[in-house]
Amino acid sequence: MSKKILMVLTSHDQLGDTGNKTGFWLEEFAAPFYVFKDAGHDVTLASPAGGQPPLDPKSNEPDAQTDATKRFDDDAQAKDQLASTLKLADVSAADYDAVFYPGGHGPLWDLVDDENSIALIEAFWSQDKPVASVCHAPIVLMNTRDANGEYIVKDRKVTGFTNGEEDAVELTDIVPHLVEDTMIARGGKYEKATDFAPFAVQDGKLITGQNPASSEPAAELLLKELEG
């Protein structure tokens, strides 16, 4: 049976005060998008500002391309859908079966403390619906709490972009939050694999992936949870 999956992307395009651009990471959107679509599910896209979310230009470079990004590049319908994301303020958890947050560095600046995003995640959680995120996007969980007022990640297995990976891309001193440190500070049982290796973990309805290569594994875990 077809399910409704909401994907939430960043609207933030500035990499701190470096003068460089950031946004969402193409593979982290494209791979899950096709995992969901190919399984026959309905995907809705949203972002804080609505409309076209900013693409991290680095994720569009030749060495960052995957089968999913190449497929997206040839998919006019998907491009149209991405160009017209709904405003986050206009979506309700009640209308969807699950939510998935692709990463990229953008969410570290906007989605991390976006009131609509926080309320949305908390609503999905209270309705016992899966919440999934990959790479930098687990930062969206930083300020989310359960019905008891505890951080959602507390005492739960989580992963996300490692400190070593952030060092490798030379942005440790630029980003406002380090995903690994934040998950640990919030009481999460943070786990990781080798830097840049595919790794995704699930704890109940919470699903997280470590890095771009973990996008598809995280999406597959969400699919399995939804199809039960």
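The values are calculated or read from the model by the stated rules, or taken from the named source; none is laboratory data. Since we're looking at a predicted model, the values are computed, not measured. Here Cβ is always computed from backbone atoms with ideal geometry, including for glycine, and neighbour counts include all displayed protein chains. With ligands, DNA and RNA removed, areas are computed over all heavy atoms of the protein, side chains included. Shrake-Rupley method; radii C 1.70, N 1.55, O 1.52, S 1.80 Å.
Is segment 1-138 best put as rounded, prolate or oblate by its Cα gyration tensor, with a ≥ b ≥ c the root eigenvalues, rounded for a/c under 1.5, and otherwise prolate when a/b is larger than b/c, oblate when not? If you can, show how the numbers build up before the last one.
Details: a/c = 1.83, a/b = 1.16, b/c = 1.58.
Oblate, because a/c is 1.5 or more while a/b does not exceed b/c.
Relative protection proxy for 96-108, 79-91, from highest mean packing down: 96-108, 79-91 (other beta-carbon atoms within 10 angstrom).
For segment 142-228, what is the per residue volume of the convex hull drawn over the alpha-carbon atoms, in cubic angstrom?
So the per-residue Cα hull volume is 90 Å³.
Under 5 Å between amide hydrogens, built in the peptide plane, is the criterion, and for Lys157 it picks out Lys189 among residues at least 5 positions away or on other chains. Span-like helix check, the chain: no full DSSP H segment qualifies, none having both a Cα axial length of 24 Å or more and a mean Kyte-Doolittle of -0.5 or more. Each peptide in 122-132, 169-179, 24-34 was scored by the mean count of other Cβ atoms within 10 Å over its residues; highest first, the order is 24-34, 122-132, 169-179. The residues neighbouring Met183, those whose beta-carbon lies less than 11 Å from its own, together hold a net charge of +3 under the Lys/Arg +1, Asp/Glu -1 convention. The fraction of all Cα pairs in segment 78-228 landing in successive 5 Å bins from 0 to the largest distance is 2, 10, 20, 24, 22, 14, 7, 2, 0, given as whole percents. The 1.4 Å probe gives accessible areas that order Arg71, Arg156, largest first, as Arg71, Arg156.
With an a/c value of 1.5 or above and a/b larger than b/c for the gyration tensor axes a ≥ b ≥ c computed over the alpha-carbon atoms, segment 44-110 is described as prolate.
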